[in-house]
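The values are calculated or read from the model by the stated rules, or taken from the named source; none is laboratory data. Because the structure is a prediction, the values reported are computed rather than measured. Note: ideal-geometry Cβ built from the backbone for every residue, glycine included; neighbour counts use all protein chains shown. Note: accessible area is taken over every heavy atom of the protein model, side chains too, but ligands, DNA and RNA are not part of it. Shrake-Rupley method; radii C 1.70, N 1.55, O 1.52, S 1.80 Å.
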Amino acid sequence: MTHYTYQTKQVHLLRPETGDDLLGAIESFAESRNIGTAWLSYLGAVKRASLRYYDQTRREYVDYVIDQPLEVLTGTGNVSKLEGRPFVHTHAVFSDEDGKAFGGHVNHGCEVWALEVKIEEYEGAPPVRLPHDETGLNLWT
Amino acid sequence: MTHYTYQTKQVHLLRPETGDDLLGAIESFAESRNIGTAWLSYLGAVKRASLRYYDQTRREYVDYVIDQPLEVLTGTGNVSKLEGRPFVHTHAVFSDEDGKAFGGHVNHGCEVWALEVKIEEYEGAPPVRLPHDETGLNLWT
Amino acid sequence: MTHYTYQTKQVHLLRPETGDDLLGAIESFAESRNIGTAWLSYLGAVKRASLRYYDQTRREYVDYVIDQPLEVLTGTGNVSKLEGRPFVHTHAVFSDEDGKAFGGHVNHGCEVWALEVKIEEYEGAPPVRLPHDETGLNLWT
């Protein structure tokens, strides 16, 4: 098992603007502050969701859009390093007006209605993502 | 983007009682300790769920109840200040006996079966919620 | 309300191996390091999910398996003490290729495809789980 140990440096609470790209807003924040290692948690609502599903057999992402207003029930993710830059990996759960839940790997194109994000920033050398043969993904090594 | 930075003051683990109101129990705890800034995470089960969906077009909440026992798969939320008092904002994901997932903005009326809550309390001036024209919500400013 | 207060000792980021048992990997880590009190958050994907639903009327768990590749949208849980040993309690939300969400109490048998786990370890005497008459569960006392 790959294992890293950290101390918390600080906790950021963010509110991206209405209309912002959910993933892009978190990426911009992480890049502008050079955050190498962090854990994410968020909630709110989007005007539309843009998601990915990783096909484990074909080893490729399948992208899809849910083009309607949705609550963001919860988002979870992290920041680590890929090719020397901060990389944001996050999954989220959404719900519609009937309370039905959806979700997936968050892609660019989730348009923020209102969002509250916690970014827990850690001190120390970040996990590094490298190609992982068994899955075809870039995983911590 | 609105942005606040904090250090963690302490972490509370709570177990509300069977029969407690989920949201009310967290609100009471935050008020009794005057917790101004915190992030929430929880899991457990409820006897019934009482939820809201924010209609982004009409700019109003639509309330509904799922009147059956449900697992609480995860709850996410925060404490900040609204009109000078601690205000709890939380969304949760639930599942039924077939594993089907539901969720929404947590309203009063979710009756606790068993619940385990983490409240991460931060030091420093809390985010303040003020009316936000673009969405009709009270958002951090 | 049962209430404990902690300071964070350290934060572990883990990546269990492809093929590992999700719950077993977290249990092994907690046991090997004698982690008494912790909060968990994770995301990733599994080859299959093995879940439980607690029937509040019959007071027994009903186990079921979703035997297909699924995204792990989010997992939440904790480590506390049961009969003197670290005990892991965790619920998770999953999604299929259409983004449909499922979930439940995580049982042994969730086979990891790729997983990223945060374990927030706390300092101080752990919560202790004891039989709770009203629910038939082992709850913090």
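Mind listing whichever residues of the stretch B:2-25 are in contact with a Lys or Arg (Cβ under 8 Å, 6 or more places away or on another chain) and polar (S, T, N, Q)?
Once the filter is applied, which keeps residues that are in contact with a Lys or Arg (Cβ under 8 Å, 6 or more places away or on another chain) and polar (S, T, N, Q), the stretch B:2-25 yields only B:2.
Please indicate, with yes or no, whether at least one residue in the stretch B:106-117 is touching a strand residue (DSSP E or B) at 6+ places or on another chain (Cβ under 7 Å), surrounded by 24 or more Cβ atoms within 10 Å (Cβ to Cβ) and not in a strand (DSSP E or B).
Yes, that holds for at least one residue.
Based on what the data block shows, is residue C:59 at the interface with chain A (Cβ under 10 Å from one of its Cβ atoms), more than 27 Å from residue A:105 (Cβ to Cβ) and at pLDDT 95 or above? Give the steps one after another, and end with the answer.
On the way: at the interface with chain A (Cβ under 10 Å from one of its Cβ atoms): no; more than 27 Å from residue A:105 (Cβ to Cβ): yes; at pLDDT 95 or above: yes.
No: the conditions fail for residue C:59.
Please name all residue pairs, on different chains or six or more residues apart, with Cβ atoms under 7 Å, provided the first residue is in the stretch A:1-12 and is free of Cβ contacts under 8 Å to residues at least 24 places away in the same chain and the second residue is of a type in the set (Asp, Glu).
From the stretch A:1-12, the pairs are A:1/C:17.
Given (1) open to solvent by 10 Å² or more (accessible area, probe 1.4 Å); (2) within 11 Å of another protein chain (Cβ to nearest Cβ); (3) outside any strand (DSSP E or B), identify the lone condition not met by residue C:31.
Answer for residue C:31: the failing condition is (2).
Yes/no matrix, rows are residues, columns are (1) surrounded by fewer than 23 Cβ atoms within 10 Å (Cβ to Cβ); (2) modelled with pLDDT of 95 or more; (3) not in a strand (DSSP E or B):
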| residue | (1), (2), (3) |
| --- | --- |
| C:42 | no, yes, no |
| C:54 | yes, yes, no |
| C:92 | no, yes, no |
| C:131 | yes, yes, no |
| C:134 | yes, yes, yes |
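Could you please find all residues in the stretch C:7-18 being open to solvent by less than 40 Å² (accessible area, probe 1.4 Å) and either away from chain B (no Cβ under 14 Å) or farther than 24 Å from residue A:77 by Cβ (or both)?
C:12, C:13, C:14, C:15, C:16, C:18
Name the single residue, out of those in the stretch A:56-70 being in contact with a Leu (Cβ under 9 Å, 6 or more places away or on another chain) and of a type in the set (A, V, I, L, M), that is surrounded by the fewest Cβ atoms within 10 Å (Cβ to Cβ).
Taking the candidates together, the pick is A:65.
Identify the single condition in (1) touching a strand residue (DSSP E or B) at 6+ places or on another chain (Cβ under 7 Å); (2) within 29 Å of residue B:99 (Cα to Cα) that residue A:59 does not satisfy, given that it satisfies every other one.
Unmet for residue A:59, out of (1) touching a strand residue (DSSP E or B) at 6+ places or on another chain (Cβ under 7 Å); (2) within 29 Å of residue B:99 (Cα to Cα): (1).
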